[in-house]
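*Asks:* The following block contains the structure, expressed as structure tokens.
Quick note: the coordinates plus some simple rules give every number you see, no bench work behind them. Since the model is a prediction, treat every value here as computed from it, not as a measurement. Cβ placement follows ideal geometry from the backbone for every residue including glycine, while neighbour counts extend to all protein chains displayed.
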Amino acid sequence: MNHKYKALYAQLVESYYQGDFEGTFSKILEEAEEPEKIKEVLAVLCGVEIDQADTEFNYTQKIIHGLTQNNVRQKIVQKVSSCNTDCEKVDGKSKCQSVCPLDAIVRDLNSNEKWIDDSLCLNCGRCVEVCEKGNYLDTQQFLPLAEILRSKQKVFAIVAPAIAGQFGSEVTLDQLREAFLKLGFTDMVEVALAADILSLKEAIEFNEHVKKEGDFMITSCCCPMWVAALRKVYHEFITEVSPSVSPMIAMARILKSLDQDAKVVFVGPCVAKKAEAKEKDLAGDVDYVLTFQELEIIFESLHINPEKLTGVPTVDYASKGGRMYGRTGGVSSAVWDIVEQIFPEKRELFQAVQVDGMRECKALLDELREGKIKASFIEGMGCKGGCVGGPKAIVDKDTGREAVEKMAVDSAVKIPVHSEVLLNMLKKIGVEDVKDLKHGNEMFERSFQ
């Protein structure tokens, strides 16, 4: 988030919890040098969809109504202010255009204004991070969620594997669990558990799909930008893509199958996950998405310091492979570990290739079109380094990668088939044998056609 919006967001969060939101919001409007411009920014920070209002008072009331009625804003990445003059150019493009993976930021030749072409936008959030003037912003979803947390409903935080090391090098999952409980969540669950299930699923699919040299399979796990590129630009490969939902969606579906009243909040480094949660065939699985940077501001605003907490212990249930999903190559290594163990006859056919960064992903898929790729298992991650390099990570990607690898290696469970927690949970949702995870299990599948 741009530095000039961080303090504003923290102010809104703190005032909401202290019961002085209306007064604080009105004061911000009164003191704004450009009231009309700040209104759009505030609506995005509050995360709600509202109509135009004729007065500041009516605008404030509509924001409050939107929060209490849970009228969550649908658009994810948007321009919140005009910028018809060029900022620093990179290869003849403005900064925002230079980082856009599918050239979705277009310039109007008459006004010189830039706008986002939604048909191409991946909602990756790179423009948000690179624009020093704060002309782009992604919708924040915590304030609508805060109303639900305060009502004591069942709300589960499901955290991405990349959370390792983000809130301090020595902060444990147990400490983070306590921090979420203090915010009002019912509990915290590692998405790595669902990643374990999908690793099993994709290993089974690899066994069925790759029969001989020259066959290949494309993983659909983790990255919504990778999936979006395949669907929008490289759709001829869809038949080779595993029809799996992401670990985020899988974990949400599991929790809701066990408790239909539960609300699920994904926490990770990725803006594009906010858009994934709203896709038509997935809508309703994940109720809200928070990023690590948002959560950092929330913790600070509410004086919650995970480093100083004792922690609420839990059993180790996620495997080394599931936790490795947080970095490039994690999916490939997790699937390989399972193929090696339960499909040893396919060892010689398993040859993985991984790339990270959208330019690299596109280059790989272009080479695949040209028949230059010989791998049998193809993995792409939209951010450099994988999820640890996401636009809303707190620490740099190398530090994040080290933390993810340490957390993975420290896991008591080395491969998913050795996890009693996972096997028992699968039975609770009607999966008696791991081989029942192959094509046809609706909980863990979606169509990319």
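*Asks:* How far is helix 330-342 tilted, in degrees, relative to the longest principal axis of the Cα atoms in the chain, given as a value from 0 to 90 rounded to the nearest 10?
*Replies:* Roughly 30 degrees between the two axes.
*Asks:* Roughly what % antiparallel, to the nearest 5, for the DSSP beta bridges in the chain?
*Replies:* So the antiparallel bridges amount to about 30 percent of the total.
*Asks:* Which entry in (1) 1.97; (2) 1.04; (3) 0.98 is this structure's computed Cα Rg over 2.2 N^0.38 Å?
*Replies:* Read-out from the structure maps to (3).
*Asks:* What order, most packed first, do the peptides 193-205, 398-410 have when packing is the mean number of other Cβ atoms within 10 Å of each residue?
*Replies:* 193-205, 398-410
*Asks:* Between the stretch 241-283 and the stretch 32-74, what is the C-alpha centre distance in whole Å?
*Replies:* 27 Å
*Asks:* Compute the angle between helix 21-31 and the longest alpha-carbon principal axis of the chain, please, reported from 0 to 90 degrees and rounded to the nearest 10.
*Replies:* The two axes meet at around 60 degrees.
*Asks:* Still on this structure: On C-alpha positions alone, give me the angle between the axis of helix 35-46 and the longest principal axis of the chain, in degrees, nearest 10.
*Replies:* Roughly 30 degrees between the two axes.
*Asks:* Please give the peptides 185-192, 226-233 ranked by average Cβ packing (other Cβ atoms within 10 Å per residue), highest first, as a rough proxy for protection.
*Replies:* 185-192, 226-233
*Asks:* Right, something else. Using the Karplus curve 6.51 cos²θ - 1.76 cosθ + 1.60 with θ = phi - 60°, work out ³J(HN,Hα) for each residue of the stretch 256-272 in order, rounded to whole Hz, and write x for Gly and Pro.
*Replies:* Values, residue by residue: 6, 6, 7, 8, 5, 8, 6, 9, 10, 10, 8, 10, x, x, 10, 6, 4 Hz.
*Asks:* Could I ask something else about it? Over the chain, what is the relative contact order in percent, taking alpha-carbon pairs closer than 8 angstrom and at least six residues apart?
*Replies:* Computed value for the chain: 18 percent relative contact order.
*Asks:* In the stretch 85-183, which trypsin sites (Lys or Arg not before Pro) fall in coil by DSSP and have 13 or fewer other Cβ atoms within 10 Å?
*Replies:* In loop regions of the stretch 85-183 (DSSP not H, G, I, E or B), the sparsely surrounded trypsin sites (Lys or Arg not before Pro) are LYS133, LYS152.
*Asks:* Report, in deg cm²/dmol and to the nearest 500, the calculated mean residue ellipticity at 222 nm for the chain, where each DSSP H run with n ≥ 4 adds -39500 (n - 2.57) and the sum is divided by the residue count.
*Replies:* Calculated from helices alone, the mean residue ellipticity at 222 nm is -12500 deg cm²/dmol.
*Asks:* In a Gaussian network model over the chain where Cα atoms closer than 10 Å are linked, find which of ILE249, ILE218, ILE342 has the largest mean-square fluctuation.
*Replies:* Comparing ILE249, ILE218, ILE342 in a Gaussian network model of the chain, the most mobile one is ILE342.
*Asks:* Provide the packing ranking of 298-311, 347-360, i.e. peptides ordered by the mean count of other C-beta atoms within 10 Å per residue, highest first.
*Replies:* 347-360, 298-311
*Asks:* Tabulate in residue order the Karplus-calculated ³J(HN,Hα) for the stretch 372-385, using 6.51 cos²θ - 1.76 cosθ + 1.60 with θ = phi - 60°, rounded to whole Hz; enter x for Gly and Pro.
*Replies:* 8, 9, 9, 5, 9, 9, 10, 10, x, 10, x, 10, 4, x
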